[in-house]
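Peer 1: Let me begin by handing over the structure; questions about it come next.
The values are calculated or read from the model by the stated rules, or taken from the named source; none is laboratory data. Everything numeric here is computed off the predicted structure, so don't read it as measured data. Backbone-built Cβ (ideal geometry, glycine too); neighbour counts: all protein chains shown. Please note that ligands, DNA and RNA were not included when accessible areas were found on the heavy atoms of the full protein model with its side chains. Shrake-Rupley method; radii C 1.70, N 1.55, O 1.52, S 1.80 Å.
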Amino acid sequence: MPAHKSVKLNTGAEMPTLGLGTWRSQPGAVERAVAHALKHGYRHIDTATAYGNEKEVGEGIKQSGVPREQIFLTTKLNNPDQRNVASALDASLKALDTPYLDLWLMHWPCPMTKEGGADKERDWRDTWRDMEKVYKEHPEKVKAIGVSNFSVSYLRELLKFATVVPAVNQIESHPLCLQEDIVEECRKHGIAVTAYSPLGSDQAPLLEKPVVKKLAEKYKVAPSNILISLQANRPGVTVIPKSVTPHRIEENAIIVDLTEEDIKALFELEKENHTRFCKPYWTGWGNIGFPDLD
């Protein structure tokens, strides 16, 4: 099945399938990575207030020379900022030095205190209502709103009261943790999915899997390209591999069309060893509805 180059959001906007992720990309390195990616054809950059690098991402965008209107820029509302949605948006815009965001996500449905614990007196539902309010009142500041790390049960809860259907749900997704239940639920409601950690985790354990190596040989690409391409071959899914290494950034941009048999073989990996690398327990809000964490 052919890989897609972009996904049409429920706002009508086109979101480039391939983006550069910047989690754990340090100031100093990240602006060079962003500039390099944009100079080499990327048009989708993903960051978050929690990453502590919005300012540098903004500098990288300027260094690239690519006009802002040609770039799809995503950042995320930090958990400790859920009581102050409007001011958090303004802080992100200032740090990124941009007049608007293409997409703003609630990073986790997990309000937290500035000290790092769970803010049990704040309801994430009210955070979404506040995000809707900002979105409706300030279309010049934010073009789309969405969520991140929302399980099926949390998505269904949100859709009971939401007046704005999220444009995107960003989730961990790779052959050991596909989260196909979430992808299918999102498709039902016209919500695009962005896959983070497509290689598995920082150590990229999936690169050594025999099926991944075999497919890499078949298509004469690196194993990482197979894992990134898997997401680009899933309807309605975008993908944000992260790297600060110039040659890897360029290499990651090679997307191949996988067959149904290829995709089935990659999906089989989860049956052997389901592994979620990014667990939500650190937020103080338990498993937030993910069935594999019960």
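Peer 1: Testing Glu69 on (1) of a type outside the set (Gly, Ala, Ser); (2) in contact with a Leu (Cβ under 8 Å, 6 or more places away or on another chain); (3) open to solvent by 10 Å² or more (accessible area, probe 1.4 Å), one condition comes back false. Which one is that?
Peer 2: Evaluating Glu69 over (1) of a type outside the set (Gly, Ala, Ser); (2) in contact with a Leu (Cβ under 8 Å, 6 or more places away or on another chain); (3) open to solvent by 10 Å² or more (accessible area, probe 1.4 Å) leaves (2) as the failure.
Peer 1: Somewhere in the stretch 105-114, is a residue touching a residue at least 60 places away in the same chain (Cβ under 8 Å) and either polar (S, T, N, Q) or open to solvent by 20 Å² or more (accessible area, probe 1.4 Å) (or both)?
Peer 2: no
Peer 1: Sticking with this one: Looking at the stretch 127-150, I want the residues that are more than 14 Å from Pro166 (Cβ to Cβ) and at pLDDT 95 or above and have a partner that is surrounded by fewer than 23 Cβ atoms within 10 Å (Cβ to Cβ) and aromatic (Phe, Trp, Tyr) with Cβ atoms under 8 Å, at least 6 apart or on another chain. Which pairs are those?
Peer 2: Pairs that qualify, where the first residue is more than 14 Å from Pro166 (Cβ to Cβ) and at pLDDT 95 or above and the partner is surrounded by fewer than 23 Cβ atoms within 10 Å (Cβ to Cβ) and aromatic (Phe, Trp, Tyr), are Glu140/Tyr100; Lys141/Tyr100.
Peer 1: Mind checking which residues of the stretch 138-182 are open to solvent by 50 Å² or more (accessible area, probe 1.4 Å) and not in a helix (DSSP H, G or I)?
Peer 2: Matches in the stretch 138-182: His138, Pro139, Glu140, Lys143, Thr163, Val165.
Peer 1: Taking into account only those residues within the stretch 1-39 that are hydroxyl-bearing (Ser, Thr, Tyr) and in contact with a Lys or Arg (Cβ under 7 Å, 6 or more places away or on another chain), which is most open to solvent (accessible area, probe 1.4 Å)? Please lay out each step first, then the result.
Peer 2: We begin by selecting, within the stretch 1-39, every residue hydroxyl-bearing (Ser, Thr, Tyr); these are 6, 11, 17, 22, 25.
Subsequent filtering for residues that are in contact with a Lys or Arg (Cβ under 7 Å, 6 or more places away or on another chain) retains 11, 17, 22, 25.
On the way: Thr11: 63, Thr17: 5, Thr22: 2, Ser25: 10 Å².
Once the filter is applied, the top-ranked residue is Thr11.
Peer 1: Restricting to the stretch 92-133, what's the tally of residues that are of a type in the set (A, V, I, L, M) and in a loop (DSSP other than H, G, I, E, B)?
Peer 2: Qualifying residue count, the stretch 92-133: 0.
Peer 1: Then there is this: I need the full set of residues from the stretch 40-66 which are open to solvent by 40 Å² or more (accessible area, probe 1.4 Å) and outside any helix (DSSP H, G or I), in order please.
Peer 2: Correct list: His40, Gly41, Arg43, Gly52, Gly65.
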